[in-house]
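These notes concern the structure reproduced below.
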Amino acid sequence: MVDVINKRPGVLFVDDEANALKVFRRAFERDFQVFTASSVDAGLKVLESEAQTISVVISDQRMPQRSGIAMLSEVRRLYPEKIRLLTTAYTQVDTLVDAINEGAVYSFISKPWDLNNLRKEILSAIESYSTACEQQSLLTGRIEELKQAVLDEKIMEIGNVAVNLSHYVDNALCPIELLISKIEDDLVQDSKTLTKSEDRATYLDFLKRIRVHIHSTSTQIARLHQANSPLVPDSFSRIDLVEVLQQAMTANQVLMNGKNIRIEHQIGPETCHIWGDRERLVDLFNFLLAEEVVSLPESSSASIDISQLPGQDAISITLEDRGPVPNQVAPSHLLYPFNVRSGDPRQMGVFLICAYLIVRSHGGSMHSSLREGGGVRFTFELPINQPDRSDIKLRSGIAN
């Protein structure tokens with residue numbers, strides 16, 4: 001059964017006269033959700049507990065201890081979106097000037113009340129409140145769109161740099177790889193042309209470390225290129241995300257065991273199928289698992305939840321952990337290169353970027369936030385339905 005009462009706008013009336021509170025309630029409780037208080041402090045407590053319901057605050061000016069202007073000024077500071085009305089039997093100029101100067105009131109109402117006029121004032125105030133809330137909602141939505149656009153642009157710039165540099169880096173690494181191989185061969189063969197025999201083991205170990213570092217850097221950049229490569233509409237099929245996650249868990253088990261990282265996964269009661277590129281979605285979970293392994297200390301745990309969003313044609317993937325986050329780094333900044341949580345800049349932070357690129361190429365979104373008690377929560381939302389072919393081409397690939 002629909003609760004009609006809770007659909008009515010709420011009005012808070014503050015007056016130290018008990019009779020005035022009774023009259024107000026009897027006059028308007030059929031029209032509005034009426035809340036009353038006999039003092040400023042009591043009124044602020046009511047507003048604190050019913051802030052989601054109350055649209056309009058009406059206060060009498062003449063009250064002991066704190067005046068109506070003081071009340072409404074405090075409401076303006078704490079809840080600037082609430083519409084504020086002042087009732088008074090006194091028309092002193094200084095009272096009106098104070099109220100105007102503090103911006104505390106939407107309108108003045110003289111005592112004794114004309115209930116019809118008071119009802120009109122309240123309805124007008126509610127309409128203003130609704131309009132302001134709608135405009136604020138639109139503004140908030142627009143701000144979120146702009147934030148997403150800015151983030152996309154930042155990631156696109158990062159992707160452009162990484163993808164364009166990868167070609168030149170690979171070209172530069174090839175001769176270095178050949179040179180290191182030659183030096184390794186000479187050292188292993190005990191050649192005296194390069195260095196003294198007692199130093200060869202040290203140099204050999206050093207050169208092997210260089211090779212590992214070069215290979216790791218090249219692989220990281222190649223991952224960005226792979227995650228950013230264009231999607232092919234014909235590659236899309238109906239994918240079971242639970243199966244894909246389990247496949248990735250199996251493939252990365254050795255990696256997780258190396259640091260004793262435990263990843264728990266929970267599945268919602270609904271089927272979790274979407275249309276997507278299977279290979280790319282496998283990579284998505286590979287990148288998320290790799291992100292946890294490089295970011296978390298040894299013997300840590302994390303969780304991945306997959307479920308369908310209620311009432312929406314979308315699947316939510318939530319990754320949570322209690323790993324460290326640098327104080328100066330906001331969750332959204334973890335998408336920027338080298339803002340790595342592990343403290344090792346050699347990790348470069350590309351795993352999360354790659355996951356983001358894959359989700360965005362599938363028409364999805366990503367949100368990040370800090371968890372209470374420490375750690376990070378990453379939420380990815382992916383549409384269920386098969387996308388239009390032109391949409392796939394439009395959002396695939398940052399730099400081609």
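Nothing in this text is a laboratory measurement; each read-out follows from the coordinates by a stated rule. Nothing here was measured: the structure is a model prediction, and the numbers come from that model. Counting neighbours? That spans all protein chains shown, and the Cβs are built from the backbone with ideal geometry, glycine included.
Assorted remarks:
- Fewest-first sequence of 76, 360, 30, 262 by Cβ atoms within 10 Å of each Cβ: 30, 262, 76, 360
- Taking GluC sites (Glu not before Pro) across the stretch 10-83, the ones in a DSSP loop with at most 15 further Cβ atoms lying within 10 angstrom of their Cβ are 17, 29, 50, 81.
- Sites residue 77 and residue 377, calculated FRET efficiency, Cβ-Cβ separation with R0 25 Å, nearest 0.05: 0.20
- When the GluC sites (Glu not before Pro) in the stretch 259-329 are filtered for DSSP coil states and for at most 12 other beta-carbon atoms within 10 Å of their beta-carbon, the remaining sites are 270, 298.
- Cβ crowding within 10 Å ranks 236, 108 as 108, 236, fewest other Cβ atoms first.
- Projected label points at residue 89 and residue 265, each 7 Å from Cα along the beta carbon direction, are separated by 7.3 nanometres.
- Footprinting exposure proxy for 288, 85 (fewest neighbouring C-beta atoms within 10 Å first): 85, 288
- Point-to-point label distance, residue 143-residue 49, nm (Cα→Cβ direction, 7 Å offset): 3.0
- Per residue, the convex hull spanned by the alpha carbons of the stretch 288-330 comes to 99 Å³.
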